[in-house]
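Below: one structure, written as structure tokens.
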């Protein structure tokens with residue numbers, strides 16, 4: 001409020017030139033125009049709301065309206081109408097291997113705004129074009145819209161099509177689903193049901209807001225009570241296919257490119273998960289490059305060596321700058 005609209009480009013904020021300052025009444029009028037009556041009442045009751053906007057197939061936005069200092073604010077993130085392939089996203093094609101099995105658990109992790117939903121959409125659309133399955137997505141709100149090809153695709157939005165993530169995920173057992181995409185795993189019940197679904201013949205894709213594979217394993221285990229954690233480690237070691245952790249890094253010359261860490265659940269990884277030694281997972285990644293694994297530092301150093309990103313930019317996202325410098329020699 002009191003400023004012109006702001007747009008984020010390549011992670012940085014810029015005021016939109018030529019636009020006047022936003023007023024409290026102007027923001028409220030704009031919010032009222034994009035919310036239906038039910039959503040407006042929920043916003044007043046819960047003080048924030050997530051929803052999506054589809055502008056006649058010309059543009060799509062994931063949106064959030066919220067209160068701040070007693071007035072309304074809003075954030076709109078544009079969702080491309082075209083779903084890109086892994087190749088177009090500059091992601092390793094070996095990620096397609098996660099789509100070629102009948103069951104298991106695949107996690108895409110990283111901070112907010114670093115392309116997790118876009119990567120999941122590429123994987124789901126690849127399944128859509130190469131397999132004959134029933135795909136169900138559970139999202140809050142629905143982001144990418146899939147055009148069914150060889151698959152049947154049902155997209156369920158929380159509160160519109162299902163009450164919550166746990167109930168929607170439990171329902172897939174009765175909905176003849178083969179592949180399930182969970183937009184976000186937010187609670188212990190959702191995580192537990194997702195792991196069970198992966199064990200019982202479903203291919204599950206989901207996201208978590210974690211920084212790397214080791215932290216992801218710890219986050220999943222730690223949400224459970226202490227007396228259940230050993231059992232969860234056993235289930236996760238058996239059902240996990242892999243973890244992809246990614247960052248969007250600024251390119252030289254503009255735009256962004258993903259740097260990725262890839263963990264594949266081989267025998268060594270499964271043993272570490274079962275034994276509660278997730279802190280050693282990074283060592284497995286470092287020593288298993290021939291299997292397709294890669295650490296975030298190796299991914300960053302490769303991008304620097306290819307002249308795609310600067311060393312300074314790589315250091316911003318490196319978990320270990322000393323190691324990165326050694327890799328750059």
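The values are calculated or read from the model by the stated rules, or taken from the named source; none is laboratory data. Treat the numbers as computed from the prediction; the structure is a model and nothing was measured. With ideal geometry, Cβ positions are generated from the backbone for all residues, glycine too; neighbour counts draw on all protein chains shown.
Summary table below
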quantity: Qualifying residue in region 258-266 (condition: under 23 Å from the mean Cα position of the chain (by Cα), in a helix (DSSP H, G or I) and in contact (Cβ under 8 Å) with a residue 24 or more places away in the chain); calculated: no
quantity: Filter result (assigned to a helix (DSSP H, G or I) and at pLDDT below 95) within region 211-234; calculated: none
quantity: Condition check for residue 90: on the phi > 0 side of the Ramachandran plot and at pLDDT 95 or above; calculated: yes
quantity: Residue in region 193-206 that is within 22 Å of residue 63 (Cα to Cα) and touching a helix residue (DSSP H, G or I) at 6+ places or on another chain (Cβ under 8 Å) present; calculated: yes
quantity: Residue match in region 184-203 (condition: in the same structural domain as residue 128 (by TED's automatic domain parsing) and assigned to a strand (DSSP E or B)); calculated: yes
quantity: Residue tally, condition free of Cβ contacts under 8 Å to residues at least 12 places away in the same chain and either crowded, with 20+ Cβ neighbours inside 10 Å or assigned to a helix (DSSP H, G or I) (or both), over region 132-183; calculated: 3
quantity: Checking residue 129 against (1) farther than 27 Å from residue 220 by Cα; (2) in contact with a strand residue (DSSP E or B) (Cβ under 9 Å, 6 or more places away or on another chain); (3) part of a helix (DSSP H, G or I), the condition it does not meet; calculated: (2)
quantity: Qualifying positions in region 285-302 - in a helix (DSSP H, G or I) and buried (at least 21 other Cβ atoms within 10 Å of the Cβ); calculated: 285, 296, 297, 299, 300, 301
quantity: Strands (runs of 3 or more DSSP E) wholly inside region 1-114 that include at least 1 residues being surrounded by 16 or more Cβ atoms within 10 Å (Cβ to Cβ); calculated: 48-55, 59-68, 71-79, 104-109
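Residue by residue, here is whether (1) assigned to a helix (DSSP H, G or I); (2) within 18 Å of residue 242 (Cα to Cα); (3) under 24 Å from the mean Cα position of the chain (by Cα); (4) not assigned by TED's automatic domain parsing to the domain that holds residue 217 holds:
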position	(1), (2), (3), (4)
276	no, yes, no, no
283	yes, yes, no, no
307	no, no, no, yes
314	yes, no, yes, yes
325	yes, no, no, yes
